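Visitor: Dropping a structure here in structure tokens format, bear with me for questions.
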Amino acid sequence: MEDTLGVKFWEENGQAHTLWSAALYQESDTIREATDAALELYEIVTGGKDFDRSLWTAASHKSLCAGFNEADPDAIIAWNKRMADLVTMDGIAKAIRDQVPAGSIRKLQSLTKIQKEWLE
């Protein structure tokens, strides 16, 4: 891929050439931007889109390893809690929409503040 695209994925000399250490992923401010950039990379690799070297070199890229080492555990925990809230809220909405009897729905410990506001 380095030869085909004419860019460096491994900057350090002697660095193992693995997917874990390849600086493939564009640094992004939001999850949506990161996802869009990853999907664009996939399109380039699979031949669905032409590679623009100037756009690539203008952006900063990280490896999976660097992203893992720089991750904010508190933000990950908060994100996981938010996703759990959304999954529960989606289940409630589907039950209401499908007119499922309340007695047949799995009981929740309690609703979170966000879920209570949403339900109201």
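The values are calculated or read from the model by the stated rules, or taken from the named source; none is laboratory data. From a predicted model like this one, the values you see are computed outputs, not experimental measurements. Heads up, the Cβs are rebuilt from the backbone with ideal geometry, glycines too, and the neighbour counts pull from every protein chain shown. For the accessible areas, the whole protein counts, side chains as well, though only heavy atoms, and no ligand, DNA or RNA atoms are used. Shrake-Rupley method; radii C 1.70, N 1.55, O 1.52, S 1.80 Å.
Visitor: What is the spin-label model distance, in nm, from Ala78 to Trp118 if the labels are put 7 Å beyond Cα along the C-beta direction?
Guide: It works out to 1.8 nm between the two label points.
Visitor: Turning to a different aspect of this structure: Ignoring ligands, DNA and RNA, what percent of the 1.4 Å accessible area of the chain is carbon and sulfur?
Guide: Carbon plus sulfur share of accessible area: 54 percent.
Visitor: Give me, ordered by chain and number, the residues 5 or more places off Leu111 or on other chains with an amide H under 5 Å from its own placed amide H.
Guide: The list, which skips near neighbours in sequence, is empty: none.
Visitor: Treating only the Cβ atoms of Lys and Arg (+1) and Asp and Glu (-1) as charged, compute the dipole magnitude of the chain about its Cα centre; round to the nearest 20 debye.
Guide: Dipole of the chain, to the nearest 20 debye: 860 debye.
Visitor: Taking only pairs that are 8 or more places apart or on different chains, how many Lys pairs in the chain have Cα atoms under 17 angstrom apart?
Guide: Eligible lysine pairs with Cα atoms under 17 Å apart amount to 6.
Visitor: Considering the options Trp79, Gly91, Phe68, tell which one lies farthest towards the positive end of the dipole of the chain, charges being +1 on Lys and Arg and -1 on Asp and Glu at the Cβ, about the Cα centre.
Guide: Toward the positive end, the furthest listed residue is Gly91.
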